[in-house]
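Heads up, the thing below is written out as structure tokens.
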Amino acid sequence: MKVFIKYISFIYLKYFFIVFLALELFFVAIDVLNNLALLPKSANLAVLFVVFSAASAVPFLLPLSLVFALIISLILLLRSGELVAFYALGVSKNALIKPVFIISCVITGLFVLLQCTPAAYAKDVKNSILELSSKNFFSFNSAFIKNKNNFIYFAAIDELNKTAPFAYIFEIEDAKLVKKVLAMDVSFRKDKWIAKTAYTQILPTDLALGKTALSYEASMNYEVLEGFEPRLLSNLNRSATSYSIIHAIATIYQTIGDDINIALIKTSLYLSVFFPFFAPFGLLALYYYAPAIPRYSNLALLGFGFVISTLCVWGLLYALSRLSSSGTLNAELAIIAPIVVLGSFAYIKFRQAR
């Protein structure tokens, strides 16, 4: 490895960790102060709240830290004259930014992989600690979904044990209710929700005197629903929640053909997969606007301009994601398209500097 690559990588990583740690501490301190009255008296729970508060801030602070680290590194290299020295030694602009770009891509990729794990639910766990809604840090949530011709209501889903005390199934044909099922002691087994006992009311199709009246049936091991893990069911019925990448993809796949609004799920998926790449593309675009020498530039003003530009672009992308989660804008148009545009712009600047 060339000496300048080691040197640039070391400087960038050093300031990345400094900035990231500073932003995390600032966020956690503000979060603790805002929720001081709601913090549990247990020291263990208070420590867990701090840990999960820090984890919930990573999706927002990591991209900013990656870009801010480049801004600080650039300003210091300009002030010391090292940047122009590298250029004088024959190191091109593209060669100088490549190690930084690769490092930011690797860190972003690791973060995307982390979003495939339960770490993606840090915000939910943090909120559960504040609410103290259950000893396992997960709420017992009801769920109401449409699956094929059935409307299904689950009561008090226990996500940890994958059970629900009962569920109602309403079967619809030609916009008419034809069957109602009360399923008792429902549990999730082998990718299916199975009830120990089920009591079925079959409604007559022809409501007339002398015709068949209501009929009743009882059955054992009744299949309520196929697929939809407990976590997915709970997430579908929350107004605002986080999703792991695996759960988001599974939910979208299992709701194909059902009349379910999945705008929030798609937004969460795209925020986990595409939004973090704002950092590598953003720092690449900013880099080419830095001067070679500081003689004719105000470094303080330059750094301030870079920071404001970064925050404006990040804020715009975040605002678009909020519009997407509410269904106002298409998720692909609000999240993927701006990242593609930013990446294309960065690639154009990269090609022009060759």
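Structural remarks
- Single condition Lys349 does not satisfy, out of (1) charged (D, E, K, R); (2) loosely packed, with under 14 Cβ neighbours inside 10 Å; (3) assigned to a helix (DSSP H, G or I): (2)
- Positions within the range 326-354 being of a type outside the set (A, V, I, L, M) and under 15 Å from Val273 (Cβ atoms), in sequence order: Glu332, Pro338, Gly343
- The set of residues in the range 61-94 that are free of Cβ contacts under 8 Å to residues at least 12 places away in the same chain and part of a helix (DSSP H, G or I) comprises Ser80, Glu82, Ala85, Ala88.
- Of Ile75, Ile71, Ile102, all but one fail to be within 20 Å of Leu301 (Cβ to Cβ), open to solvent by 20 Å² or more (accessible area, probe 1.4 Å) and aliphatic (A, V, I, L, M); the exception is Ile75.
- Thr205 passes every criterion in (1) at pLDDT below 85; (2) β-branched (Val, Ile, Thr); (3) open to solvent by less than 40 Å² (accessible area, probe 1.4 Å); (4) over 29 Å from Ile252 (Cβ atoms) apart from (3).
- When Ala122, Ala183, Ala155, Ala143 are checked against the criterion of being closer than 30 Å to Leu284 by Cβ and either surrounded by 14 or more Cβ atoms within 10 Å (Cβ to Cβ) or acidic (Asp, Glu) (or both), a single residue qualifies: Ala122.
- Of all residues in the range 1-48, those being farther than 18 Å from Ala69 by Cα, free of Cβ contacts under 8 Å to residues at least 40 places away in the same chain and open to solvent by 60 Å² or more (accessible area, probe 1.4 Å) number 12.
- Residue check for Tyr222: crowded, with 18+ Cβ neighbours inside 10 Å, over 26 Å from Ile72 (Cβ atoms) and modelled with pLDDT of 85 or more: yes
- The number of residues in the range 84-99 being open to solvent by less than 40 Å² (accessible area, probe 1.4 Å) and over 16 Å from Leu284 (Cα atoms) comes to 2.
- Verdict on Ala167 being at pLDDT 75 or above, in contact with a Phe, Trp or Tyr (Cβ under 6 Å, 6 or more places away or on another chain) and open to solvent by less than 20 Å² (accessible area, probe 1.4 Å): yes
- Residue in the range 234-244 that is buried (at least 20 other Cβ atoms within 10 Å of the Cβ), at pLDDT 80 or above and under 20 Å from Asp158 (Cβ atoms) present: yes
- Residue satisfying all of: in the range 289-310; surrounded by 14 or more Cβ atoms within 10 Å (Cβ to Cβ) and at pLDDT 90 or above; farthest from Phe275 (Cα to Cα) among these: Gly305
The values are calculated or read from the model by the stated rules, or taken from the named source; none is laboratory data. Quick caveat: nothing in here was measured; it's all calculated off a predicted structure. Note that each Cβ is placed from the backbone with ideal geometry, even for glycine, and that neighbours are counted across all protein chains shown. Side chains included, ligands, DNA and RNA excluded: accessible areas come from the protein's heavy atoms. Shrake-Rupley method; radii C 1.70, N 1.55, O 1.52, S 1.80 Å.
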